[in-house]
Structure formats: structure tokens, C-alpha cells
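Read through the structure below, which is laid out as C-alpha cells, and then see the notes.
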Amino acid sequence: MRWAVILALVLSTMLEGIASAQAVSTTTTISDNSRRTATAKATPNYNKLTVEKNGGILPGDAQVGAPATRNRPIKPLPKYVITRYQFQTGPDGAGCLGTVTTRRDTPMTEGEAALNNEVWLFANRLRLPRCPDDEGAVRELTPAEVAEPFVRTIPMPTPRPRIPPGHAITGLPAYLETRGTLSHRVGPEPTELGPIEVHATGAYYVDWGDGTPEEGPFSFEGEPYPTGRMVHTYRDTGTYTVTVRVAWSADWRLGGDSGTVPGLRTEASIPLEVRQLQAVRLR
């Protein structure tokens, strides 16, 4: 009886050895201030993978069909946490503002930061709520953040230039009429932080279209002959494009605060034929 038991144990051990020889077994040891062992087993068809670590999974430490590498270091987490605002749809089907957070090795660029801020400002102008499952903090709008987008949507006055009588003569001064305005007021208009008032002032710049440098700034209107002060003399005949540009700067007042939005512009262009007078000799 004793010999029968011993024989059964020997046969069992032999069968286990044969089964082990038919499988691919690789053991990977990873060092990270503590020892962890991951075991990957795959059939010859590489369609089955088991990676174990104290009963859990070690993602990324083994691949199907490829043996693990010994002493493989653990890759550190990316240095920067990037949070972006994103338009999303809430559980009720309505639009809301959410955030998406990712990690990467480089910081947010200036362009990405500007776009992120524009999304946030636009969502606040639309009064979009934060998504229910989003834990980002909602900060209050400042007067400048409300005023600047508002000012940039204001249609500033555009000049309506002309040069009488519709053409110019080489060697003679051409008088430009701007027919515009250099002052524009808006408001009070309602905003998220109360009524806003805007006063914009401008200056004229003129490109005569013949390759000469742009002239300006002019703080006055162009007037016809003989009082006009925006005057140009063409040397050659041809058809030129005369462009009148107005550079605007807008001062705003909102919620006890104030500021200036520079860099606004309007412009208008006209074609101008330049002719040449020829003397005719009469007999």
C-alpha cells in the first residue's frame, strides 16, 4: 500500500513537469524600493496572458507574445498636470462646462492657455453651468474679463473715403475726404457685472497705394480742396488703391473699475485713376 502511494506521487510529479514544458513561462523582477514579481504565461498561440502581483494586475509590464525584460525600470509619471475646459453635455442633455485633466512632460503653451481661457470666458458669457460630475472650482468674472470681449464686439465706425472728382492728375495735389468720425460712444449696456460704458477714440492712417510710406496718425478729418490737409501728389499715371485705416483705442467703465482696450481697427479702400494732362497746341 505504501509503495502504491509513492508511485502515485511520482507519476503526478512527472505529469506536472510535462505540462510545464508545454507552456512559456517568464518571470520579471522590478526594483522600485521594494521587490515585486510579475509572472507572464502564454500559450504557443500567444492568445492568453496572465500577469499577477499579489493577486492584482501590473499594466504595461508585460506584452502578449513577447518575453518581459529583466530589471526594467518603472517610468515616472509625467511632470505637468494639464487641465482644459471643455464643452460637454450633462445628464439632462443640456450643455455644460467641464474639465479634462491629463499629464504630460511639457507645460501648457501660451496658445493653449489663451484658447483655454477663451473657452472659459465664452461659457460664462453663455451662462453655462458646470457639469454635475465636474469638481473644478468656479471663479468669479473680473470687470476686465467681461469688458474686453464686449468692447471687441462693438462695430467701430468705418470711414467712407473719396477723392473728388473721382480721379487725380500727375503733379497736382489730390485731396482726400475721409467722411468718418474719430469718436464713438456706447452704453450704458447690460453685462454680467452690470452696465458698461465705452468711449473709443481713433486716428487716421493713409496708404496712397503708390509705394510711398503710410502716412499718419491724423487726428482730424480729411476735407476737400482748398481746406483739406490730407493731400498727396502722384508722379505716375495708373490705377491705385487708396486705403484709409482708423486705429481705435476704447476706454471702458464697469462695476467701479475701468480700463482700455487698444489695437482695434477699421478701414476702407477706394480705387483711384491717376491721369496725365497733355498740352494741346492750337494753330
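Miscellaneous remarks
- In this Cβ point-charge picture (+1 for Lys and Arg, -1 for Asp and Glu), the range 114-205 has a dipole of about 660 debye about its Cα centre.
- Most tightly packed first, judged by the mean number of other beta-carbon atoms within 10 Å of their residues, the peptides 89-95, 150-156 read 150-156, 89-95.
- Each principal axis of the Cα atoms in the range 133-207 has its own extent, and those three values, largest first, are 72, 26, 16 angstrom.
- Positive minus negative residues near Phe218 (Lys, Arg vs Asp, Glu; Cβ under 12 Å): -2
- Residue (of Val244, Thr178, Pro226) at the positive-pole extreme of the range 124-277, dipole from beta-carbon charges: Pro226
- For the range 160-272, with +1 on Lys and Arg beta carbons and -1 on Asp and Glu, the positive-most of Gly211, Pro190, Leu254 along the dipole: Gly211
- Simple label model, 7 Å out from Cα along Cβ direction - Thr212 to Thr237, nm: 2.0 nm
- FRET efficiency for the Glu267 to Leu141 pair, using the beta carbon distance and R₀ = 25 Å, is estimated at 0.20.
- The smallest convex shape that holds all Cα atoms of the range 101-230, its convex hull, gives 181 Å³ per residue.
- With the simple model of a label 7 Å out from the Cα in the direction of the Cβ, Thr201 to Ala114 spans 2.8 nm.
Throughout, read-outs are computed from the coordinates displayed, never taken from laboratory work. Model, not experiment: these values are computed from the prediction. Note that each Cβ is placed from the backbone with ideal geometry, even for glycine, and that neighbours are counted across all protein chains shown.
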